[in-house]
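As structure tokens, the structure follows; a few thoughts come after it.
Laboratory data are not the source of any read-out in this text; all were calculated from the coordinates shown. Bear in mind that the values here come from a model prediction, so they are computed numbers and not experimental data. Don't worry about glycine lacking a Cβ; one is built from the backbone with ideal geometry, like all the others, and counts go over all protein chains shown.
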Ligand SMILES: [Zn+2]
């Protein structure tokens, strides 16, 4: 019984930490978008967000996303996927083996989708393929 209570408490703690990670991810997404927007708006002679009203804002957002640089886009996608996984309750589960990913690994690298064992294995396989 004592052990079962501990598992429950660990799960609660993990859940709490995941919510903290979510907050961080949202912040990261916002600062990334703000940074990108600033960079784009500093381009000379361009109006990135013409005031076209609400109807056009979705369209404006789409074109804004297209203008984001590849690296930022990929990172943003990863962040959004991670937030989605949190919302769907599947965050922190390894894509490959289905085991829970260590919470410390998730805190250090929230966008990861693999546990350290699978990631190491994958990197090894990639290295072998490059050889
Ligand atoms: Zn794994």
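Computed from the Cβ-Cβ distance with R0 of 22 Å, the FRET efficiency linking residue 10 to residue 95 stands at 0.50.
Here's the picture: a label point sits 7 Å out from the Cα of residue 74 along the beta-carbon direction, and within the stretch 93-109 the residues with their amide nitrogen under 18 Å of it are 109.
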